[in-house]
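Here's the structure we're looking at; comments come further down.
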Amino acid sequence: SHIRSGNRDMRGGAEGAASKAELKYRKAMAADNKNAQAMYNLGCALLAQNKDSMAYEMFEKASKTETSKQRKAMAYHNMGVIMQKQQQYGPAMEQYKQSLKLRPHDNQTRYNYVLCKKLKKDQDNNQNNNQNNQNNQNNNKDKNKDQNKDKNKDKNENNNKDQNKNNDQNQNKEK
C-alpha cells in the first residue's frame, strides 16, 4: 500500500525521504480522502520538511476523522508542536490539553504543556515590561517637555526683566 511504502521512506531517513513519503501519502489520500492514517502521516512528512501550515491542516483533518484515541491524541500533540514552534504558546497549550484528555499518561505532551505554560508566562511578562517601558518613555517625554516649557518660560521672564532694567537705565540716563 502507499501508506506502508511512505512509512518505509520516512523510517529510512535518506535525504529527500520525507518528500518521497509525502507523494505516497498523497496517493493514499487520493484513493481514500477520508483515510485519517494517510492524513496524519502526510502531516508528519510535511512537518519533517518544515511545511508547518500544511502539516497543521493535515493534523487538524486527521484529528476530526480519526477514530483511534491514540492517533487522535498524536495529531493534537503535533498541532501543539507546530504552534509552540511559532511561539503561539496559548494555542499550543490548548492542543496539548486536547491530547492529554485522550492520553493522560503521555509524558512528552505533559512536558510540552508545562514548558509552553512557562514560556507563555515569560512572553506575557516581556510584553507587559515592554508596554511599561513604552509608557515610561512617553511619560518621560511629557515630563521633559514640561520641564523645557518651564525653563523657556523662566528664560523669557528673565530676558523681559533684563530688558525692562535696561529700559529703566536708559530712561535714567536721558533724564
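Just so you know, all these numbers are worked out from the coordinates, no wet-lab data involved. Since we're looking at a predicted model, the values are computed, not measured. In this analysis, Cβ positions are derived from the backbone assuming ideal geometry, glycine residues included, and neighbour counts consider all displayed protein chains.
Numerical summary
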{"quantity": "Under the Karplus curve 6.51 cos²θ - 1.76 cosθ + 1.60, θ = phi - 60°, whole-Hz ³J(HN,Hα) for segment 92-108, x wherever Gly or Pro sits", "calculated": "4, 4, 4, 5, 5, 4, 4, 5, 5, 4, 8, 9, x, 9, 7, 5, 5"}
{"quantity": "Total formal charge among the other residues, if their Cβ is under 12 angstrom from that of residue 75, Lys/Arg +1 and Asp/Glu -1", "calculated": "+3"}
{"quantity": "Inter-label distance for residue 122 and residue 110, nm, one decimal - labels placed 7 Å from Cα along Cα-to-Cβ", "calculated": "2.2"}
{"quantity": "Rounded, prolate or oblate (a/c below 1.5 giving rounded, otherwise prolate when a/b exceeds b/c) for segment 39-108 by Cα gyration tensor", "calculated": "oblate"}
{"quantity": "Over 27 Å between alpha carbons, listed pairs 20/97; 27/64; 61/101; 61/85; 24/117", "calculated": "20/97; 24/117"}
{"quantity": "Nearest-0.05 FRET efficiency for residue 87 and residue 136, computed from C-beta distance (R0 35 Å)", "calculated": "0.85"}
{"quantity": "Karplus-derived 3J(HN,Hα), 6.51/-1.76/1.60, for each residue of segment 6-22, Hz, glycine and proline x", "calculated": "x, 4, 4, 4, 5, 5, x, x, 5, 4, x, 4, 5, 6, 5, 4, 3"}
{"quantity": "Simple spin-label estimate for residue 49 and residue 30 in nanometres, 7 Å along Cα-Cβ", "calculated": "1.4"}
{"quantity": "3J(HN,Hα) from dihedral phi, segment 114-131, Karplus parametrisation 6.51/-1.76/1.60, rounded to Hz, x for glycine, proline", "calculated": "5, 4, 5, 4, 5, 5, 5, 4, 4, 4, 5, 4, 5, 5, 5, 4, 4, 5"}
